[in-house]
Amino acid sequence: DVDVRSKPGKGSVFSVTIADLVTGTILTGECPAPAETASIAPQRRCKIVVVDDDPDVLELLEQLLTGEGHSVKSAPSAAEALKLVTEGVMLPEILLTDYSLPGGTSGLELVQQLRAWSSAPLPAIILSGDVSSETLAKVAAQDCVQLSKPVKPRELLAAIGRLCADQAPLRS
């Protein structure tokens, strides 16, 4: 018999009950499992602007990140993301954007525009299905993290966790 107890942010405990085949007695043991996103120190939450022209991807990313406690604003295009930031709706600590955006502006160009506007080194994660050496070199040259689509939630959350840890908290 297997039983699982889980508490958000705390982790899970798996209980296994088996009969000892030699003596016929029932043995019970508990094994705490580490929370997948838990760390020794509480993870800092960040303000993240997410940009993708696929509404389903945008919604899933927003749900994943808000579920982890991050403050998230999403936009379907570079123009909408620029508007969010320049109008003060959100000053992001991290930009998470698709490489290929509608309207002729790439995710890398959006990173450059936001960095120029804020005069600050905005950390960025570029999601791309294009894993050519040319694209990887462009992303690396802009000092961005590149993750291949489809991205695994654990991989994305780990990258965001590293970038958040490197950021000084914003003053509100």
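Accessible surface computed residue by residue for the range 39-172, with neighbouring protein chains in place and a 1.4 Å probe, gives 53 Å² per residue. With all protein chains in place and a 1.4 Å probe, the accessible surface of the range 50-112 carries 49 percent carbon and sulfur. Residues whose amide H lies under 5 Å from that of Ser100, counting only those 5 or more places away or on a different chain, are Gly107; hydrogens are built 1.01 Å from N in the peptide plane.
Note that the range 123-135 has calculated 3J(HN,Hα) couplings of x, 9, 10, 9, 9, 8, x, 8, 10, 5, 4, 5, 5 Hz, one per residue in order, obtained from phi through the Karplus relation 6.51 cos²θ - 1.76 cosθ + 1.60 (θ = phi - 60°); glycine and proline are x.
Looking at the range 65-172, which trypsin sites (Lys or Arg not before Pro) are in a loop (DSSP not H, G, I, E or B) and have at most 14 other Cβ atoms within 10 Å? Could you put the intermediate results ahead of the total?
On the way: sites: Lys73, Lys83, Arg115, Lys138, Arg154, Arg162, Arg171; in loops: Arg171.
Hits after loop and neighbour filter: Arg171.
Close amide H contacts of Ser74 (hydrogens built in the peptide plane, cut-off under 5 Å, sequence separation of 5 or more or a different chain): Val50. As a rough guide to protection, the peptides 74-80, 131-137, 100-106, 86-92 ranked by mean Cβ packing within 10 Å, highest first, stand as 74-80, 100-106, 86-92, 131-137. Modelled label positions at Val89 and Ser133, each set 7 Å beyond Cα in the direction of Cβ, lie 4.1 nm from each other. log₁₀ I(q)/I(0) of the range 41-172 at q = 0.13 Å⁻¹, via Debye over equal Cα point scatterers, no solvent, to two decimals? Relative scattering, expressed as log10 I(q)/I(0), comes to -0.47.
The values are calculated or read from the model by the stated rules, or taken from the named source; none is laboratory data. What you are looking at is a predicted structure, and each value in this text was computed from that prediction instead of being measured. Positions of Cβ are generated from backbone atoms using ideal geometry, with glycine treated the same way; all protein chains shown enter the neighbour counts. To get the accessible areas, we keep the full protein, side chains included, count just its heavy atoms, and leave off ligands, DNA and RNA. Shrake-Rupley method; radii C 1.70, N 1.55, O 1.52, S 1.80 Å.
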